[in-house]
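The values are calculated or read from the model by the stated rules, or taken from the named source; none is laboratory data. The shown structure was predicted, so the numbers you read here are calculated from the model rather than taken from an experiment. Glycine also receives a Cβ, built like all others from the backbone with ideal geometry; neighbour counts cover every protein chain displayed.
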Amino acid sequence: MNGGGAARFFDAIAGRYERTYALGSDESRRRMRRVVRELPRPPGSVLDLGVGTGRELTALLDAGYTPTGVDISGEMLVRCARRSRPVPLVRADFWEPLPFQRASFDAVLALHGTLAHPPNDHSMEALARELSRVVRPGGAWIAETPSPAWLDRLDALPASEERRVRRTGPQTCVYEDHVVGASVDARVLTEDQWRQAMGGDWRPYFDPISDAEWLIVATRV
């Protein structure tokens, strides 16, 4: 897996993302209410990793936060920039060192399975160290991620003519979009692997979103 592959995939699906990949409006709003409850009290600065088309930005702005979006996909950022309430947007690979000063943010979000595409086995540990640099002590890291149970259910899902997710190993799968002819690899971590990756700078707990997804809420120690 590599950042270039993720960039190509998300650039390719950007025009279809809202119709084909995004959650429905009601479910998206329900999840964002839950996310906002876990954030430090407003006002505060929030780094949104994998901001995509910016579906969560309205909820953050309405709650009194100042978000900054980061995405590797230029096509996603083009669409995000069209929103009626623009926020600072940065095109960057968040698996690499981030272009922000130490303790720049009160919280960081990584929603919609954004962290499911690490370039290598050590990428999550490196990201956790980098986020501990840019998030102030006492701040939060909130991630929506599939649990291992999600992978176990892939074989039972019907394949679509447009797209499918195909399991490739005990903890890996590949997203394939047949319309645009693009794919991206994904990796699902266990709870122990998440805790190990976050190291001593983060104190996480795991809250089910569904029977196959977690909301991970970690406090910066």
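None of LEU127, LEU98, LEU115, LEU131 is within 18 Å of PHE10 (Cα to Cα) and modelled with pLDDT of 95 or more except LEU115. Of the residues making up the range 1-42, those that are part of a loop (DSSP other than H, G, I, E, B) and in contact with a strand residue (DSSP E or B) (Cβ under 7 Å, 6 or more places away or on another chain) are MET1, LEU39, PRO40, PRO42. Here SER183 passes the criteria (1) modelled with pLDDT of 95 or more; (2) under 18 Å from LEU111 (Cα atoms) except the one numbered (2).
Of the strands (runs of 3 or more DSSP E) entirely within the range 124-220, those holding at least 2 residues that are of a type in the set (A, V, I, L, M) occupy 135-146, 182-187, 213-220. Screening the range 87-123 for residues that are polar (S, T, N, Q) and either in a helix (DSSP H, G or I) or touching a residue at least 60 places away in the same chain (Cβ under 8 Å) (or both) and picking the one that is farthest from GLU38 (Cα to Cα) gives ASN120. The single condition among (1) crowded, with 19+ Cβ neighbours inside 10 Å; (2) at pLDDT 95 or above; (3) hydrophobic (A, V, I, L, M, F, W, C); (4) over 17 Å from THR20 (Cβ atoms) that LEU151 does not meet is (2). Among the residues of the range 1-54, those that are touching a Leu at 6+ places or on another chain (Cβ under 8 Å) and among the β-branched types (Val, Ile, Thr) comprise VAL35, VAL36, VAL46, VAL51.
When you check SER147 against the structure, is it touching a His at 6+ places or on another chain (Cβ under 9 Å) and either in contact (Cβ under 8 Å) with a residue 12 or more places away in the chain or within 29 Å of GLY181 (Cβ to Cβ) (or both), yes or no? Answer is no for this residue.
Let's see how each residue does on (1) surrounded by fewer than 16 Cβ atoms within 10 Å (Cβ to Cβ); (2) among the charged types (D, E, K, R); (3) within 28 Å of GLY138 (Cα to Cα):
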position	(1), (2), (3)
TYR65	no, no, yes
SER73	no, no, no
ARG79	no, yes, no
ARG85	yes, yes, no
ARG91	yes, yes, yes
TRP95	no, no, yes
PHE105	no, no, yes
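Considered as a group, the residues in the range 1-33 that are surrounded by 15 or more Cβ atoms within 10 Å (Cβ to Cβ) and either over 30 Å from VAL180 (Cα atoms) or touching an Asp or Glu at 6+ places or on another chain (Cβ under 6 Å) (or both) include one that is modelled with the lowest pLDDT, and that residue is MET1.
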